[in-house]
Amino acid sequence: MIALNDKQNLPVVHITPVILCGGSGTRLWPLSRKSFPKQFVPLIEGKSLLQLTLERVALLSKDAICVASEEHRFLVAQAMQAAGVQGTVLLEPVARNTAAAMAIAALAAAPDALLLFCPSDHHIPDAKGFAQVVEKALPAAQSGAIVTFGISPSFPSTAYGYIRQGELRPDGSYAVEGFSEKPALDKAQALLLTGRALWNGGIFLCSAATLLAALEQHAPDILDACRQAMAASTRDGQFLRPQTDAFAACRSESIDYAVMEHHHNVAVVPFTSAWSDVGSWNAVAELSAPDAQGNRIHGQGLAMGAHNTFVHAPHRPVVALGTHDLLIVDTPDAVLVAHSSQVEQVKQVVARLDADKVAQSVQHRKVARPWGTYDSVDVGERHQVKRISVRPGAKLSLQMHHHRAEHWIVVKGTALVTRGDEQVLLTENQSTYIPLGVTHRLENPGKTDLEIIEVQSGSYLGEDDIVRFEDTYGRDTSHG
């Protein structure tokens, strides 16, 4: 919540941030993958871009709407909790781009609500400066305009769209003359020379009623599908689910193509502080300060005789010897080595790996679950070893396996184990055995994280070998 200047003689305005959490983030593979996209990866000082976004908009309001996929619902809920933000998580049954995502958020809000739409995966270090720019946009948004925020360009980028800024409006914003989508280099240079071109940051401020009226005018089919989906939506705590079939029937289109390029009442407010869409490994590298040779090192990287080399090595020593203009990204189960001029091809690399059915194209070795995480430390014939971490107060589902038995060894914390008809409390260095076909559950009754080593043995070790009887998190399919 922010208040306008007294001289404007307007009341305190309540803003509802809407965070768009879609996107697979394949351009930051192998760190970002479909099951754990870049907005959830702890990229900056141990925090994810989503958490930083939520902390930034919390200066405006601590009550937000997040639009995300069903698969990532608990990751979003955890980020909201970490940022001290509450509100609704709208769960898209399928991805239908930003026009549909913004439409269902507007339909879920009050008609007079002022909505601030923000991508979840951008980095804006100056949170207070961002809040001040949003304040400047309030009069235009209250008057019925859709306000977008243009980033002052620092170079002629061909990776960003541009907003062509027009004349100053009476409300302090600027008219939008038009949009240019990711131009060629010569056109990007020409745009910058005009002195009135801004990068399109994909951030918007408008009332719910204004957006719905614009969709009715320019994309009525999208609005109609979203209305049907929301009319039959169901709520489960903070999760709100649009009806699947109606939403799936919606056309997939970005808000830029569906509305912004056609709408007459669009304003822009320039934003001059640092901004990054963190859209490539070059962009990630630029978040770190270079040394005298232009090298940027994260974690246990070491550069010797190297120039302009980025090393991301959080898990083990990675040495770059005599390298030039390289990006080296190390994860426990995949490594990327790329020339800095080729980073835009990473998306094609992921598509190739996916076509070859390489599991690492979509899944990390360490997998997030609503109760914590598991890390597949070793996999072999008829056995698998996992390190399982369970948050305080959390518990896995009550379940059974047809094809595997399990040994559990507690290495940290306290475990309450249900095994058949008995319950046992285990502490560090104690263990238990879960025979094949026996109902069991693991939970953490303590106040610190529980960590166990699980050794599975059997004829089939897939995650779909789970018969779930009871679950705290409302899941009724595979993946315990």
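Answer with yes or no whether PHE247 is in the same structural domain as ILE124 (by TED's automatic domain parsing), closer than 22 Å to ARG73 by Cβ, touching a Cys at 6+ places or on another chain (Cβ under 9 Å) and not hydroxyl-bearing (Ser, Thr, Tyr).
Details: in the same structural domain as ILE124 (by TED's automatic domain parsing): yes; closer than 22 Å to ARG73 by Cβ: yes; touching a Cys at 6+ places or on another chain (Cβ under 9 Å): yes; not hydroxyl-bearing (Ser, Thr, Tyr): yes.
When the stated conditions are applied, PHE247 passes them.
Of everything in the stretch 140-153, what is crowded, with 21+ Cβ neighbours inside 10 Å and either touching a helix residue (DSSP H, G or I) at 6+ places or on another chain (Cβ under 7 Å) or among the β-branched types (Val, Ile, Thr) (or both)? Give them in sequence order.
Scanning the stretch 140-153 gives ILE146, VAL147, THR148, PHE149, ILE151.
Out of VAL89, VAL76, I need the residue that is part of a helix (DSSP H, G or I), touching a Cys at 6+ places or on another chain (Cβ under 8 Å) and β-branched (Val, Ile, Thr). Which one? Give the derivation first.
On the way: VAL89 fails: part of a helix (DSSP H, G or I).
Only one candidate qualifies: VAL76.
Given the residues ALA249, ALA208, ALA213, which is the only one that is of a type in the set (Gly, Ala, Ser), out of contact with any Leu (no Cβ under 6 Å at 6 or more places or on another chain), within 24 Å of THR16 (Cα to Cα) and modelled with pLDDT of 95 or more? Break it down into steps so the answer makes sense when it comes.
Numbers: ALA249 fails: within 24 Å of THR16 (Cα to Cα); ALA208 fails: out of contact with any Leu (no Cβ under 6 Å at 6 or more places or on another chain).
Among ALA249, ALA208, ALA213, only ALA213 is of a type in the set (Gly, Ala, Ser), out of contact with any Leu (no Cβ under 6 Å at 6 or more places or on another chain), within 24 Å of THR16 (Cα to Cα) and modelled with pLDDT of 95 or more.
Has the stretch 154-167 got at least one residue that is of a type in the set (Phe, Trp, Tyr) and either more than 27 Å from VAL278 (Cβ to Cβ) or surrounded by fewer than 18 Cβ atoms within 10 Å (Cβ to Cβ) (or both)? Write out each step before concluding.
To start, the set of residues in the stretch 154-167 that are of a type in the set (Phe, Trp, Tyr) comprises 155, 160, 162.
Then keep just the ones that are either more than 27 Å from VAL278 (Cβ to Cβ) or surrounded by fewer than 18 Cβ atoms within 10 Å (Cβ to Cβ) (or both); that gives 155.
Looking for residues that are of a type in the set (Phe, Trp, Tyr) and either more than 27 Å from VAL278 (Cβ to Cβ) or surrounded by fewer than 18 Cβ atoms within 10 Å (Cβ to Cβ) (or both), one finds at least one in the stretch 154-167, hence yes.
Within the stretch 111-128, can you find the residues that are in a loop (DSSP other than H, G, I, E, B) and either within 23 Å of GLU55 (Cα to Cα) or not assigned by TED's automatic domain parsing to the domain that holds ASP256 (or both)?
Of the residues in the stretch 111-128, the ones in a loop (DSSP other than H, G, I, E, B) are 111-113, 120-122, 124-126.
Result: ALA113, SER120, ASP121, HIS122, ILE124, PRO125, ASP126.
I'd like the residue in the stretch 166-196 that is in contact with a Ser or Thr (Cβ under 7 Å, 6 or more places away or on another chain) and part of a loop (DSSP other than H, G, I, E, B) and, out of all such residues, is nearest to ALA145 (Cα to Cα).
ASP171
How about the stretch 267-372: which strands (runs of 3 or more DSSP E) wholly inside it have at least 3 residues that are loosely packed, with under 15 Cβ neighbours inside 10 Å?
Numbers: elements: 296-304, 310-321, 326-331, 334-339, 366-369.
In the stretch 267-372, the matching strands (runs of 3 or more DSSP E) lie at 296-304, 310-321, 334-339.
When you check PRO170 against the structure, is it within 19 Å of GLU135 (Cα to Cα) and either in the same structural domain as ALA108 (by TED's automatic domain parsing) or without any contact (Cβ under 8 Å) to a residue 60 or more places away in the chain (or both), yes or no?
Taking the combined requirement at face value, the residue satisfies it.
Give the residues of the stretch 276-302 that are in contact with a helix residue (DSSP H, G or I) (Cβ under 7 Å, 6 or more places away or on another chain) and in the same structural domain as SER340 (by TED's automatic domain parsing), sorted by residue number.
Of everything in the stretch 276-302, just one residue is in contact with a helix residue (DSSP H, G or I) (Cβ under 7 Å, 6 or more places away or on another chain) and in the same structural domain as SER340 (by TED's automatic domain parsing), namely ARG296.
I'd like to know if the stretch 456-473 contains one or more residues that are in a strand (DSSP E or B), modelled with pLDDT of 95 or more and either under 33 Å from the mean Cα position of the chain (by Cα) or farther than 23 Å from ASP378 by Cα (or both).
Yes: one or more hits.
If you go through the stretch 297-318 one residue at a time, do you hit one that is more than 23 Å from LYS38 (Cβ to Cβ) and of a type in the set (D, E, K, R)?
no
The values are calculated or read from the model by the stated rules, or taken from the named source; none is laboratory data. Since the model is a prediction, treat every value here as computed from it, not as a measurement. Neighbour counts are summed over all protein chains in view; Cβ atoms, including those assigned to glycine, are modelled from backbone coordinates with ideal geometry.
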